[in-house]
Structures are given as C-alpha cells and as structure tokens.
C-alpha cells in the first residue's frame, strides 16, 4: 500500500481512534476537558494529514471487498481520493478542529460527563463525515450518510433535558429519514439494474453510454431525494431551523459547514450520472432556486440570530443545488467550500454573541460593537462574504453560481437567485445593524469572548479573506465565462441590500413596521414559515398519531379482547371444576371405585 | 368340593362390603376397618388361587399381606390419633383441608 492511500486512511482513522478511545474508556470520557483534548489532538493530526493530501494533490482509489459473493464482492469499502474529496477533507477537518477548540470555551460551564459525551459524538461525527467524503461507492456513502444523520440527532439533542431540543432532534432525524428512504431505494434500484455500487464503474458506463437503465430518471430522482432531506431543500427544509436548539458550535460544524452540504457533495460526486438525466437536473435547479428564495424571505423576518443564520444556510444550500442542477457543479462545490468557511465563522461569532448577551433575540441585543469589537469585526467579515462583496470568498463563488445558472438558460431560477442575493445582503446587514450598532440595551454586561473562542473566529475570518484574494488573483478553477454584467450586478444587489438594511435599521429612514404592513401577506406568511411547519405537524398528528391511535385501539380492544376472553374462559372453567375437589378422601375413593367399575364395564363390552 | 368360583364370590362380597364401609363410614377408624376387609378379600383370593393351582406362592404372599396390613393399620391409627389431637375430631366429612 502506498502513502497515497495511507495518508487519507490516516485522516479517516484518527477521529475514529479518538471516538473509540472516548467511547470505551469511561474515566477518560468523564474528565470532560481531557476528552476534549484527546479529540482535538486526533483531529489536529487528521487536519495536518488532510493538508498534506491536498497539497500533494493525491489522486488515488483503493477498495477492499466487503460483502463476498460468487464472482467478486457485492459491495466494497475503501477510499476514493481526488481533488473533490481532497478539498472536502481539508474543509471538514479544518472546521471540525476550530469548532472543537471553540467548544472548549463555549461549553466550559458544562459538567464533565456531558462534555466528554459531546466530544465523543464530535469525534464520531468527524469520522462519519470523512468516511462519507472518501466513499468510493453508493453503499459506503449511504452508511456514513446515516451515521452523520445519527450524530446530528445526538448533537442537536445534546441538551436533551430541554423538551425543545429533544423535539428538534427527533424532527431532524425523521425528516431527513424521509429523504433517506428515497436514497436507499434509489441505490438499490440502481444496483439491481447495473450490478454495482462503485462510482468508478458507474461513471465508466455512463461515459461509454452503456448505462442502459430503464427509468434512470426515476432512480436518480430517488437518489436526489436523499440530498433533499440532508441538504434541507424544499419541502424538507423545515428541520434545519429547529436544529438550532443544539449547541452553537454544533450548528456551525454540522448544520452549516459539513453535514448539510453532504447532499450537494453527493450530487457533485455523482454528477456524471445526473448528467444523463437532464430533466432531473432541471428539477434540482428549480427546487434549489426556490429553496434559496423561500428561505431568504423567512430569514428577513426572523428575530433569532441563529435561526437567521439557519435560514441563510438553507438559502445558500439552495444556491449550491441550483448550481449543481444547472450543470455548473464546480461552481456549486466552490460555493460549498467558501460557504463552509464563512458560515462556520458566522455561527461561531453568533455563538460568542449569544454567550455574551445571554439571549438569541437580536432585538434584545444592540450596540455590541463597543463591548466585543473582535467578534463584531469577524461577524462583519462573514456578513460581507455571505452578501457577496468582493474580494471576499463569497463573491466569487456566488458569481460563479449565478453565471452557471445563466449559462444553463434557466431564466426564472436565475431571477430567483438574484433576488435571493439582494435579500441575503439585506437580512445579514439587518442582523449586523441591530445587533452590533443599534442602541445598546440596558441590563447585562456583555464582554468579549475568551481567546479560545476568538482564535478560531480570527482564523476563519482571515481564511475567508485569503481565499477570496486567492480566487481574485488566480481566477479560481471554477471561473465560468460569465457575462460581463454579472459581477456589477451581483455587487449592485449586495449594495442594494446593504443600503436597504441601513436605511431601515440604522438610519431609521424607512420604518420596518410600515414595510411589513405594505407587504402584509408576505410578512404574515413568512413569519408563519409559509405554514410548512404547521403542515408537517398536522400531517404528523393526523396521519402518524391517528394511525397510532387506530393501532392502539385495535390492540386494546381486539387483541387484548381475545386474550381477555380466553383468560376469563379459563378462569370460569377452573372455578367450576374446582368444586369437584371437595377435599374429602371418601369422595375421591368414590371416584376411583366408580372409575374402576366403568373400566371393567367398558372392558367387558369391548371384548364382545 | 367347593369350587373356586365360590371363593371368588365370597372374596368379591367381602371386598364390596369393605368398599361400602370405606365409602360410607364417617368415622376414620371405621374407614380403616373397611380397608382391612378389602385387604382380606384379596387374601381370600390369594389362598383360593393357591389352593386351585396347588403351589405355595399365593400362601406366602398372603403372609406378607397380613404383616403389611398390620403395619398399615398401625400407621393408619397413628395418623388418626394425630389428626384427633389437632382437629379434636375424626369425622371424615370434616377433614377437608384439601378442598379446592
């Protein structure tokens, strides 16, 4: 085995070792901070190895047989290392490393045992995510896909004593499962049609036009459903905002930078297969653009800083999906990477703000710039990147996405995405102005976060700038031949959003209440999340609870009824038979004597 | 000579009388006497068959039966006395602790 395979394996193995160590060795886990140090050390090694892999540009593939069968294994496990997974490895390990360091300070008030549990889950998550990224076939990808879902469930429900957190965890689990059902059905159908799970085999066949599978469109649509659930696409996006009940570093890692992008990664990874079914691709683009716009409008009326960021994540995931659907998956993937950086930055900064202000509600913060300048500066950097201001990282990837969608002649999705860009700038600067520059609110003494939290923030902020500058200088690999008016347009949209937010929330030139009144139906609908949450809750109550009630009724009155009747019969029979047992020896002798007599009579009759 | 069947009829009569006593006597001692009669009916059968077949096995068996019957009566009476000490009665109808 060459170093080309060993290094990625090392990246994958370190978090697993840390997980097993923490899971098995109870005393180590219960040290809390000690467990954190172990986990961080492991992920640091992983990160360095991932950097080396990325730097060397290793391209390697190695699989081992897993499920044996006649004529070669049915399924394999292994690693597939190419530029796509290289970049993803670096992103996942980098953000995980920073998040885990940040968590040491953020969760400093936790008791030791839960803290150890937290780091155990974190290690498991990083391992699962890396396994997903390195998967050489659908089956391994699905297994790790489910594992990250499990970790997401565990970490959203980290504070499981809080009913809201427990509910959110279950909701996230179930709703992503809805998509996963489609995913696994699609994988199995594809396997039964082609006989392989391996990406390499599938791509070769796809390239050679030898993938003569009837209903390929349906199969790919089912596989896409998995991405809809995981990457929070309409209509399965409702779990992501609720997932904010988890600790903020978890939101930054899982629900912004890594796990939720697994769907986009999967679509990008299997792009040669999706390319065969243009109708599904078009659907992906439309759904992505619609998701982007829908989530952006909801973000505009949200008052909870983490939820704003969550809707923003949904919205940006829609961007990536739209790019993938438009055939510009490199642009989508670039946006995935840059978004991973600055969204993690924004979440971690928001965590610092929440930590200092003791509330999630932006309207109860205000004037925090003076109290926590570091956090404010990095938050603004993240906001500028998300709004798409050059030369920050977000600008180039966003422009690439818009260019890709335009190139694909998807006019309506393009318009939706452009409008989303405007709204993105608006709602992000709304948060910035209200939180950091507005009038300071009385009560509480917000303070700057400790260095353990500020360090990761600065690293991410500097990376956001550096990556942006590198993209500006090097052009980036995903620079499409976009029309010349695109860059001014996207900057213009960002500027318009900025000005709008400034006028409404800083200058006070436009009264937000009057705008809301003018757009009353939209405002009403967005505030109620377009009724989708209510719809799911209703469906859940109506169908699942109704069905449970029906089953419960059948169980109680039908199944139990039969059993009750049987027991009653047995009891009654026993009760009446009991009377035969008089307890008097003479009665028994009567029985014996008459029995014998009867036997003699019978024997006599028989003989005849 | 009196035939075998006469002995058997006598034994059956004695047995039936004994059984009747066992079934109807209310006193535990009376029941024991009934059992004695039934066992002696058996003895009559043994002796009759021994005589009929002309061998000694039936006679020897009878001796055993008699001695065992003596032991049985001793044990039975001891039980009756023990019951009387506890319950102050030997009425069979009232000894129904095993009633279901």
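Observations on the structure shown:
- Residue within the range A:113-121 that is without any contact (Cβ under 8 Å) to a residue 12 or more places away in the chain and closer than 30 Å to residue A:356 by Cβ present: no
- Selection from the range B:86-100 of residues that are in a helix (DSSP H, G or I) and more than 14 Å from every other protein chain (Cβ to nearest Cβ): B:86
- Here the range B:22-57 is the region considered, the condition is being within 14 Å of another protein chain (Cβ to nearest Cβ) and free of Cβ contacts under 8 Å to residues at least 12 places away in the same chain, and the residue that is nearest to the chain's Cα centre (by Cα) is B:30.
- Test: residue A:287 is in contact with a helix residue (DSSP H, G or I) (Cβ under 6 Å, 6 or more places away or on another chain) and surrounded by 19 or more Cβ atoms within 10 Å (Cβ to Cβ): no
- Scanning the range A:585-601 for residues that are farther than 22 Å from residue B:97 by Cβ and more than 7 Å from chain B (Cβ to nearest Cβ) gives A:594, A:595, A:596, A:597, A:598, A:599, A:600, A:601.
- The criterion of at least 1 residues that are over 25 Å from residue A:235 (Cα atoms) is met by the following helices (runs of 4 or more DSSP H) wholly inside the range A:505-567: A:512-518, A:546-553.
- Residue within the range B:58-77 that is within 14 Å of chain A (Cβ to nearest Cβ), closer than 21 Å to residue A:588 by Cα and in contact with a helix residue (DSSP H, G or I) (Cβ under 8 Å, 6 or more places away or on another chain) present: yes
- The combined condition, being touching a residue at least 60 places away in the same chain (Cβ under 8 Å) and either more than 14 Å from chain B (Cβ to nearest Cβ) or in contact with a strand residue (DSSP E or B) (Cβ under 7 Å, 6 or more places away or on another chain) (or both), is not fulfilled by residue A:517.
- The range A:563-584, residues that are closer than 30 Å to residue B:23 by Cβ and either more than 10 Å from chain B (Cβ to nearest Cβ) or in contact with a strand residue (DSSP E or B) (Cβ under 9 Å, 6 or more places away or on another chain) (or both): A:573, A:576
- Boolean, residue A:371 is in contact with a helix residue (DSSP H, G or I) (Cβ under 9 Å, 6 or more places away or on another chain), more than 16 Å from residue A:311 (Cα to Cα) and modelled with pLDDT of 85 or more: no
- Among the residues of the range A:221-235, those identified as modelled with pLDDT of 85 or more and surrounded by fewer than 23 Cβ atoms within 10 Å (Cβ to Cβ) are A:221, A:222, A:225.
- For the residues B:17, B:79, B:83, B:31, the requirement of being farther than 21 Å from residue A:582 by Cβ and in a helix (DSSP H, G or I) singles out B:17.
- Among (1) more than 17 Å from the chain's Cα centre (by Cα); (2) crowded, with 24+ Cβ neighbours inside 10 Å; (3) within 23 Å of residue A:416 (Cα to Cα) - the single one residue A:265 does not satisfy: (1)
- Test: residue in the range A:56-71 that is in a helix (DSSP H, G or I), at pLDDT below 90 and over 26 Å from residue A:191 (Cα atoms): yes
- Sole exception among (1) within 14 Å of chain A (Cβ to nearest Cβ); (2) surrounded by fewer than 14 Cβ atoms within 10 Å (Cβ to Cβ); (3) out of contact with any strand residue (DSSP E or B) (no Cβ under 6 Å at 6 or more places or on another chain) for residue B:6, by number: (1)
The values are calculated or read from the model by the stated rules, or taken from the named source; none is laboratory data. Note that the structure is predicted; figures quoted are calculated from it, not measured. Glycine gets a Cβ as well: all are built from the backbone with ideal geometry, and neighbour counts include every protein chain shown.
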